[in-house]
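Novice: Take this structure first; my questions come after.
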Amino acid sequence: MPDNGEITANIQNNIGTIEFYHPKGNSLPGNMLRQLAETITEIGRNSEAHVLVLKSRGDGAFCAGASFDELIAIDNYEDGKHFFMGFARVLNAMRNCSKLIIVRVQGKVVGGGVGIVSAGDYTIAHKSASVKLSELALGIGPFVVGPAVERKIGASAFSTLAIDASNWNNAAWAQEKGLYSKVCQTKDKLDDEVNKLAEQLSDYSPKAMKELKNMFWVNTENWDSLLGKRAELSGRLVLSDYTKDFIEKFKNS
């Protein structure tokens, strides 16, 4: 396993599979966020891929969100904005991708990871895949991922996640609110369901699926600008003493 994480991609039988990995709970440092966005765009433009599967490696967390090591190292606004633009680029890459994206969620999802799950067109999760938006507890707020999460589960459920930033909501709650399309009781069943759906979609009309995706994402054309502004807001807030102290206490606990 690479110490600094990695992103791999392949296309087989008209199914494009993108997998990310980081040893710290599949968290996403800035360089991996940029690479992930580029990979989604690249595979999405490849005519050999009719459908995409986005997943992370291992049996633990699906995604622990932002890298705390990078967050605590940010000491100026430009670096802060640049970091949070990483999540904005991933969400916009998923939104702009002409292919339907299946997200496979094998474990817990935190912060920016909830945004990635929300930007999937069909998400299949394991029963252990609890969710939490922890940003407010850090003194930031889920500003960049907010539009994606609210679009997926509605304003009421989004406010529940955003405000109750210290507690988990289980996979059943996430499915009830529409974040997950399906929840599986075993990892084998999770893989079976993901593979079955991907194989079905790989045989469908790419043009029809592209038009369907465009319909799903109607009225999000302003997200390039909107998510950029949200990254600016997060980039300012991450400089606060409150955020620095919280991360230090968390790392030393």
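Any read-out appearing in this document is the output of simple, stated calculations on the displayed coordinates, not a laboratory observation. If you're wondering where the values come from, they're calculated on a predicted model, not measured in any experiment. Quick reminder, even Gly has a Cβ in these numbers, built from the backbone with ideal geometry, and neighbours come from all protein chains shown.
Novice: How do Glu6, Glu78 line up, fewest other C-beta atoms within 10 Å first?
Specialist: Values: Glu6 14, Glu78 9.
Ascending Cβ contact count within 10 Å gives the list Glu78, Glu6.
Novice: Have a look at the DSSP beta bridges in the stretch 6-186 and tell me what percent are antiparallel, nearest 5.
Specialist: Details: 8 of 29 bridges.
So the antiparallel bridges in the stretch 6-186 amount to around 30 percent.
Novice: How large is the translational diffusion coefficient of the chain in µm² per second when you combine the Kirkwood radius over alpha carbon pairs with Stokes-Einstein at 37 °C and 0.692 mPa s?
Specialist: D, rounded to a whole number, is 182 µm²/s.
Novice: Give me Tyr204, Tyr180 ranked fewest to most by other Cβ atoms within 10 Å of their Cβ, as a rough exposure proxy.
Specialist: Ordered from fewest to most neighbouring Cβ atoms within 10 Å, Tyr204, Tyr180 come out as Tyr204, Tyr180.
Novice: Now a separate question. Most exposed first by the Cβ proxy, i.e. fewest other Cβ within 10 Å, how do Val144, Val183, Val131, Val218 rank?
Specialist: Numbers: Val144 30, Val183 22, Val131 27, Val218 7.
Arranged by neighbour count, lowest to highest, Val144, Val183, Val131, Val218 become Val218, Val183, Val131, Val144.
Novice: Calculate, in nm to one decimal, what Asp164 and Asp191 gain on full extension: separation in residues at 0.36 nm each, minus their alpha carbon distance. Please list the in-between numbers first.
Specialist: Numbers: separation 27, 0.36 × 27 = 9.72 nm, distance 3.10 nm.
Length gained between Asp164 and Asp191: 6.6 nm.
Novice: So who's got an amide H within less than 5 Å of the one on His50, skipping anything under 5 residues away but keeping other chains? H placed 1.01 Å off N, in plane.
Specialist: The answer is Ile15, Gly16.
Novice: Sticking with this structure for a sec: Let's see if you can work this out: charge +1 on each Lys and Arg Cβ, -1 on each Asp and Glu Cβ, no other charges. What is the dipole magnitude of the chain about its Cα centre, in debye to the nearest 20? Walk me through the numbers on the way to the answer.
Specialist: On the way: 29 positive and 30 negative charges, 104 e Å.
Result for the chain is approximately 500 debye, rounded to the nearest 20.
Novice: Related question: Evaluate E = 1/(1 + (r/R0)^6) for Phe250 and Ala155, where r is the Cβ-Cβ distance and R0 equals 41 Å; express this FRET efficiency to the nearest 0.05. Walk me through the numbers on the way to the answer.
Specialist: On the way: r = 29 Å, r/R0 = 0.70.
Efficiency computed from Cβ-Cβ geometry: 0.90.
Novice: Can you give the extra length, in nm with one decimal, that the chain gains between Asn222 and Lys24 once fully stretched, where that is 0.36 nm per residue apart less the Cα-Cα distance?
Specialist: Values: separation 198, 0.36 × 198 = 71.28 nm, distance 3.31 nm.
Residue separation times 0.36 nm, minus the Cα-Cα distance, leaves 68.0 nm.
Novice: Let me ask something else. Can you list the HN-Hα couplings for the stretch 7-21, worked out from phi with the Karplus curve (6.51, -1.76, 1.60; θ = phi - 60°), rounded to whole Hz and with x for Gly and Pro?
Specialist: Here the 3J(HN,Hα) series is 10, 10, 8, 7, 10, 9, 6, 6, 10, x, 10, 10, 10, 10, 8 Hz.
Novice: Using a 7 Å offset from Cα along Cα-Cβ at Glu176, what residues in the stretch 107-125 end up with backbone N under 18 Å from the label point?
Specialist: 125
Novice: So if I restrict to the alpha-carbon atoms in the stretch 68-138, what is the Rg, and what is Dmax, the biggest pairwise distance, in Å?
Specialist: 14.0, 40
Novice: Radius of gyration and Dmax for the stretch 147-253's Cα atoms, expressed in Å?
Specialist: For the stretch 147-253, the Cα radius of gyration and maximum Cα-Cα distance read 18.9, 53 Å.
Novice: Put +1 on the Cβ of each Lys and Arg and -1 on the Cβ of each Asp and Glu in the stretch 197-253; which of Tyr204, Gly228, Val238 then has its Cα farthest toward the positive end of the dipole?
Specialist: Checked the options; the winner is Val238.
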